[in-house]
Amino acid sequence: MPESEPVRYEDRAMDGATAHGPIIGTVDEAAALLRPTDPRLRILMLADDAHPADAVRDHIRSIKQHSRHRVTVVNPICYRKGWVIGSLDYDVILIHYSICILFDYYLPAAIAAAVQGFPGPKIQIIQDECRWVDRMTRRMAGLGIDAVFSSLTPENIRRTYHHEHVAGLRFVSGLPGYISNRLREVDTPPLAGRPFDLVYRGRPLPIWLGRFGQEKAGIGLQAVRMAEHYGLNVDCDTREEARVYGAKWNDLLTRGRAALATEGGATVFDFDGTIEESVNEYRRRHPRAGDDEIWDAVVRPHEGNVVHKTITPRVFEAIMCRTALVMYPGDYRGVLQPWEHYIPLERDGSNEAKVVKWLKDDSYLAQLTERAYRRVADDPALQFANYVQALDSVANRVLAEREPSSMGRGTLWTRLAGFPSVRDCLSGVECRLSDLENVHTPSGKAFSDFKGSRIGRRIKQAHAILAILFSGRIPTSSTRSETPKE
């Protein structure tokens, strides 16, 4: 189908969907729309808070730390049987990128059904958008997602999410990571005392995502060759089994005077999965084929269908460790400039001698790392606080459309329901009603199951009154169990 022009936030002020295409804006635009008078909400965030990568856990923690709303984190991977999402417990559901909504492992069927049935707004944060695009958009529509925080640029959002079933969704363009409180507190030893000239861990993307993804391994191999030729002391590895996370990753960064990095992203988007299938089929028929042959035979016609390149959280981590960066030249979403914030290494190796010269100059590296640190640490747009303000704003906007009373209209009762303390009280009442519903007679039958039961009728009437007077929403379940702890 032909691609439609996006409607931008400045045109629609984020108020109202459109049938002509996605509403596309940026994190800064969304953050600017947050008003001091916006009500504080209760948000359920589904996230893998046990993920091994610090960048992922930073992302989750930062949302809780900086949000003006009350955020409850539940890890659906550790789903407990019997738990349901109470319709009066939360105002908004936020699905973090650590939860891939396509797979039961991350989002069990019972939780997915509860999300689908939740009557309030739903926001999704998504990354790695180069694969399963068609399936993902269908799943978004099925779950009833209202807004998506993407790591793509606005133009690539338009190229990627052109599907009719997500027309009218809000897409907010941002970065895959920002500066967290943890990064500001990292212990950074002096460059002169660090044992390695260069450190690196990286792995190539599958060849079906394009040539660009091979640079992650390519720069590591180039550094190893440089070390052998120029006598550098390096700890660079591109093997999967050599990857490190958490404290080991921080230790690696602070043991290097400089770290290698590249832009993240992909230059092929596999919308329907057929490119990956074709590559796998070619490998089966040609088991000795290398990536170059496979790219030429299968991937070449798709190369560049979407070109997504971005700065990554690992770049921010290195900068905040005051570790110099040696990187392939790139745009890095306009954040970093060569020689000003990092040492550019040409892909063809033509400036390797110059790179090595500056790597040996402690004074130059100290100035370079200070400039890079100030560039990212002092820019409000690169802080998680700004990103979370955008999340807060979008949550308020989408809820306002579902519940006009939250913007100051409606009855006194519906206005009162906007206060968290009132909703807490209502949730307690709903819980007690559910307890009554589950009271059984000596014969084992619930009171509420008797058609003529006065108790059953009164319980149902009380549920309806709560929903109508205070929230305008009908509870998604007549039973409720204990909410998992954060």
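Nothing in this text is a laboratory measurement; each read-out follows from the coordinates by a stated rule. Predicted model only: the values in this text are computed from it and were never measured. Note that each Cβ is placed from the backbone with ideal geometry, even for glycine, and that neighbours are counted across all protein chains shown.
Some observations on this one:
- Around the amide H of D235, modelled in the peptide plane, lie the amide H atoms of L198, V199, Y200, all under 5 Å away and 5 or more residues distant in sequence or on another chain.
- The length gained on full extension between K360 and E401, counted as 0.36 nm times the residue separation minus their Cα-Cα distance, comes to 8.9 nm.
- For a label point 7 Å along the Cα-to-beta-carbon line of N233, residues of the range 243-279 with backbone N under 12 Å: 255-257
- The order of S151, S62, going from fewest to most other C-beta atoms within 10 Å of their C-beta, is S62, S151.
- Distance in nm between pseudo-label sites at A141 and D187 (7 Å out along the Cβ direction from Cα): 5.4
- Part-to-part distance (alpha-carbon centres) for the range 111-137 and the range 273-322, which is given in Å: 25
- Proxy reagent accessibility, fewest Cβ within 10 Å first, across V356, V388: V356, V388
- R203-S350 FRET efficiency (beta carbon distance; Förster radius 22 Å; 0.05 resolution): 0.30
- Using a Förster distance of 56 Å, the FRET efficiency for R70-E240 (Cβ separation, nearest 0.05): 0.90
- Residues Y161, Y79, ranked from the fewest to the most other C-beta atoms within 10 Å, line up as Y79, Y161.
- Residues whose placed amide H lies under 5 Å from that of L325, excluding near-sequence neighbours: A259, I343
- Backbone phi angles across the range 366-377, fed through the Karplus curve with coefficients 6.51, -1.76 and 1.60 (θ = phi - 60°), yield HN-Hα couplings of 5, 5, 4, 5, 5, 5, 5, 4, 5, 4, 8, 6 Hz in residue order; Gly and Pro are listed as x.
- Sequentially through the range 221-236, phi angles give Karplus couplings (6.51, -1.76, 1.60; θ = phi - 60°) of 5, 5, 5, 5, 5, 4, 4, 5, 7, 10, x, 7, 9, 10, 10, 10 Hz, Gly and Pro residues having no value and appearing as x.
- Subtracting the Cα-Cα distance of E340 and D292 from 0.36 nm times their residue separation leaves 13.8 nm of extension gain.
- Modelled FRET efficiency - R0 25 Å, E155 with D134, Cβ distances, 0.05 increments: 0.80
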